[in-house]
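Trainee: So that we are looking at the same thing, I have put the structure below in structure tokens.
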Amino acid sequence: DKYYGYVKNNKRNGFGILICTNGCFYEGYWLDDQFSGEGFYIDEQGNFIKGSFKNNKPNGQCLLVKIDGCKYEGEMKNGQKDGQGEEITNKGMYYKGQYKNGLMNGHGKYIIDNIFEYEGNFENDQIKGYGTCKWNTGKQYKGYWLNNKMHGKGLYVWADGKKYEGIYYLNYFIIYLYLRQFLQ
């Protein structure tokens, strides 16, 4: 490995460039031999991160671009997506919203390759809580979710305008809330 930059007390401190024999590269600020502050890092596979670092890990506002075309821009903490961010994958997935410990958590907007669009709550990368989903077929569901399934009170509207409002259990419609319409 080769290092070009400032050294203090036999440790990399201040601005410097590290070129590793395995192909990684870092240009940025150091504190006691660790990436610390603004920098630019390329790993041995060719993925790169530009942004703030602390203790050798992305920490703060960062841009992460992977060699497969996936991209994340937003807040990171200890090397993981954490806070507000925006992600695009090479498989047509787009997400903009909250992250916690590297996973979608909190409010966000999730789109998959123009097949469907969901806006609402997430927990541990799963659709959970209240949200609205619209499919490219014209169908729509507004209500509660559990583990990516309609679960709880909700309103499902078909493309032709038919509405099913009631209680859903793991994607199954089980209780119609307006039975009185049929009992009169």
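The values are calculated or read from the model by the stated rules, or taken from the named source; none is laboratory data. Since we're looking at a predicted model, the values are computed, not measured. Cβ sites come from the backbone with ideal geometry, for glycine too, and all protein chains shown count toward neighbours.
Trainee: Looking at this structure, is Glu44 in contact with a Ser or Thr (Cβ under 7 Å, 6 or more places away or on another chain) and charged (D, E, K, R)?
Mentor: So Glu44 fails the test.
Trainee: Spot the failing condition for Ile67; the list is (1) touching an Asp or Glu at 6+ places or on another chain (Cβ under 6 Å); (2) among the aliphatic types (A, V, I, L, M); (3) not in a strand (DSSP E or B), and only one is missed.
Mentor: Condition not satisfied by Ile67: (1).
Trainee: Is there any pair linking a residue in segment 9-36 that is outside the structural domain of Asn59 (by TED's automatic domain parsing) to one that is among the aromatic types (Phe, Trp, Tyr) and at pLDDT 95 or above, with Cβ under 7 Å and at least six apart or on different chains, and which?
Mentor: Final answer for the pair search is none.
Trainee: Looking only at segment 10-61, filter to residues that are basic (Lys, Arg) and surrounded by 14 or more Cβ atoms within 10 Å (Cβ to Cβ); which one of those is farthest from Gly79 (Cα to Cα)?
Mentor: Arg12
Trainee: Given the criterion without any contact (Cβ under 8 Å) to a residue 24 or more places away in the chain, out of contact with any Leu (no Cβ under 6 Å at 6 or more places or on another chain) and of a type in the set (A, V, I, L, M), identify the matching residue among Met93, Met76.
Mentor: It is Met93.
Trainee: Considering (1) closer than 29 Å to Gly69 by Cα; (2) assigned to a strand (DSSP E or B); (3) touching a Cys at 6+ places or on another chain (Cβ under 9 Å), say which one Lys142 fails and leave the rest.
Mentor: Exception for Lys142: condition (1).
Trainee: Answer with yes or no whether Tyr141 is surrounded by 14 or more Cβ atoms within 10 Å (Cβ to Cβ), more than 10 Å from the chain's Cα centre (by Cα) and of a type in the set (Phe, Trp, Tyr).
Mentor: Criteria met by Tyr141.
Trainee: Which pairs do you get when a residue that is farther than 16 Å from Ile127 by Cα and in contact (Cβ under 8 Å) with a residue 12 or more places away in the chain, found in segment 149-164, comes within reach of a residue that is part of a strand (DSSP E or B) and aliphatic (A, V, I, L, M), reach meaning Cβ atoms under 9 angstrom, with the pair 6+ apart or on two chains?
Mentor: So the pair list comes out as Tyr156/Met150; Tyr164/Leu155; Tyr164/Val157.
Trainee: Mind checking which residues of segment 95-132 are among the hydrophobic types (A, V, I, L, M, F, W, C), closer than 23 Å to Gly60 by Cβ and either outside any strand (DSSP E or B) or under 8 Å from the mean Cα position of the chain (by Cα) (or both)?
Mentor: Passing the criteria: Leu103, Met104.
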